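**Q** Would you mind keeping the following structure in view while I ask a few things?
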Amino acid sequence: MYSITGATGNTGSVIAAKLLARGEHVRVIGRDAGRLGGFVQKGAEAFVGDVTDAAALTKAFTGAKAVYAMIPPNPAAADVSGYQERVSDALATAIKNAGVGYAVVLSSVGADKQAKTGPVVGLHNLEQKLSGIAGLSALYIRAGYFMQNTLAQIGVIQNFGLLGGPLRADLAVAMIAARDIGDRAAEELLRLSFTGKQARELLGQRDLTYQEVASVIGKAIDRPNLTYSQFPAALIKPALLQSGMSSSMADLILEMSEALNSGYMAPLEPRSAQNTTPTTFESFVTEEFAPRFRGKAAAS
Ligand SMILES: NC(=O)c1ccc[n+]([C@@H]2O[C@H](COP(=O)([O-])OP(=O)(O)OC[C@H]3O[C@@H](n4cnc5c(N)ncnc54)[C@H](OP(=O)(O)O)[C@@H]3O)[C@@H](O)[C@H]2O)c1
């Protein structure tokens, strides 16, 4: 049996679907039974619980030969780092107390660094806590920048006619589709061929700059002259707050952007067949970005 945290989310839903399609017994974890219902119809067992609750997670992990462990984002939390620590404490306690043998863990490029990488510090600390558990084999998937992050640009394009953000326009970023992470994590869960504690990066199909991102999006939404501008932190923070983020999250995002812009936070592995995944940014834009952009345009 496999226990999957974040099962209704971007990566967890792909993992749960793939394991179920292979006839595996899956326990899907989330906060709401209704949202887990689709998996239950396909044979999964639903477990309703909060990832900050170690006792609930211990029950959810008991009997699992392997778990998929992740820290769900909580961008409105007043203290995002404190929330991340509570989740990683609960995950580590539950994995230890349930005697879980294998964990595939969602981490990030930059999780090698102890500090100054914004929300990725929480993933570094998660790795550290799990690495302290004797008898656990853990694979830390250090994923690149999610293509889904660019969905935040839909409103920016609609309001300002351009893309804008804190990253340098010419910074080449390893961008990955969340479904590719889910696919790889599911493969690793099915194989369980890792031992000890290992970190492996997953860098998406290719590196892209935000300039290229603007050009690909521009072509797909019939705005061929769309460009990207880097905005100063002082302008970005109010926009992040307006989007519903807490001040704590906005500060972490800005810290991470600085770490990316300076090259402090960057992949450690050279790009290879092993850490490259199939979904192109073009297909992400065709399948996800453009339909959402048009949907929002039609609604406004
Ligand atoms: N964005 C990036 O560029 C990037 C890069 C590398 C790594 N990461 C990491 O990737 C992770 C996000 O992965 P994802 O996109 O797969 O996640 P996601 O889709 O945002 O969230 C996963 C699920 O977690 C559940 N959830 C939320 N809060 C919960 C709670 N308190 N207790 C139990 N379940 C809860 C939600 O389901 P319910 O609503 O059904 O409960 C949600 O569907 C983060 O750890 C992030 O740091 C992100």
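**Q** Within the set of pairs 6+ apart or on separate chains, which have a first residue in region 108-128 that is among the basic types (Lys, Arg), a second that is within 12 Å of the ligand (Cβ to nearest atom), and C-beta atoms under 9 Å apart?
**A** Lys113/Val120; Lys113/Val121; Lys113/His124; Lys113/Met265; Lys116/Met256; Lys116/Met265
**Q** May I pose another question? Please state which of the following conditions Gly164 fails to meet, knowing it meets all the rest: (1) open to solvent by less than 70 Å² (accessible area, probe 1.4 Å); (2) of a type in the set (Gly, Ala, Ser); (3) within 23 Å of Gly12 (Cα to Cα).
**A** It fails just one condition, (3).
**Q** Now for a separate question. Which condition number in (1) under 24 Å from Leu202 (Cα atoms); (2) assigned to a loop (DSSP other than H, G, I, E, B); (3) touching a Gly at 6+ places or on another chain (Cβ under 7 Å) is the one that Lys113 fails?
**A** (3)
**Q** Of all the helices (runs of 4 or more DSSP H) wholly in region 116-208, which have at least 3 residues that are over 18 Å from Ile71 (Cα atoms)?
**A** 153-160, 178-191
**Q** Now for a different question. Residues in region 220-241: is at least one open to solvent by 20 Å² or more (accessible area, probe 1.4 Å), within 16 Å of the ligand (Cβ to nearest atom) and among the basic types (Lys, Arg)?
**A** No, there is no match, as no residue in region 220-241 is open to solvent by 20 Å² or more (accessible area, probe 1.4 Å), within 16 Å of the ligand (Cβ to nearest atom) and among the basic types (Lys, Arg).
**Q** Quick one: count up the residues across region 189-201 that are buried (at least 19 other Cβ atoms within 10 Å of the Cβ) and out of contact with any Lys or Arg (no Cβ under 6 Å at 6 or more places or on another chain).
**A** Final tally of qualifying residues: 1.
**Q** Residues Ala152, Ala185, Ala178, Ala143: which one is open to solvent by 40 Å² or more (accessible area, probe 1.4 Å), within 14 Å of the ligand (Cβ to nearest atom) and of a type in the set (Gly, Ala, Ser)?
**A** Of the residues listed, the single one that is open to solvent by 40 Å² or more (accessible area, probe 1.4 Å), within 14 Å of the ligand (Cβ to nearest atom) and of a type in the set (Gly, Ala, Ser) is Ala152.
**Q** When you scan region 45-60, how many residues do you find that are open to solvent by less than 60 Å² (accessible area, probe 1.4 Å) and more than 13 Å from the ligand (Cβ to nearest atom)?
**A** The qualifying residues number 1.
**Q** Next up: Checking Gly9 against (1) open to solvent by 60 Å² or more (accessible area, probe 1.4 Å); (2) near the ligand (Cβ under 9 Å from one of its atoms); (3) in contact (Cβ under 8 Å) with a residue 60 or more places away in the chain: exactly one of these is not met. Which one?
**A** (1)
**Q** Which count do you get for residues in region 80-108 that are open to solvent by less than 10 Å² (accessible area, probe 1.4 Å), within 23 Å of Glu188 (Cβ to Cβ) and in a helix (DSSP H, G or I)?
**A** Result for region 80-108: 6.
**Q** Same structure, new question: Of all residues in region 242-288, which are among the hydrophobic types (A, V, I, L, M, F, W, C) and closer than 17 Å to Gln205 by Cα?
**A** Correct list: Ala266, Leu268, Ala273, Phe281, Phe284, Val285.
**Q** Do we find that Glu255 is open to solvent by 70 Å² or more (accessible area, probe 1.4 Å), out of contact with any strand residue (DSSP E or B) (no Cβ under 7 Å at 6 or more places or on another chain), under 16 Å from Leu167 (Cβ atoms) and charged (D, E, K, R) in this structure?
**A** When the stated conditions are applied, Glu255 does not pass them.
**Q** Could you check how many residues of region 258-280 are surrounded by fewer than 13 Cβ atoms within 10 Å (Cβ to Cβ) and outside any loop (DSSP other than H, G, I, E, B)?
**A** 1
The values are calculated or read from the model by the stated rules, or taken from the named source; none is laboratory data. These figures come from a predicted structure and were not determined experimentally. All Cβ positions, even for glycine, are placed from backbone atoms using ideal geometry, and neighbour counts span all protein chains on display. Only protein heavy atoms, including side chains, enter the accessible area calculation; ligands, DNA and RNA are left aside. Shrake-Rupley method; radii C 1.70, N 1.55, O 1.52, S 1.80 Å.
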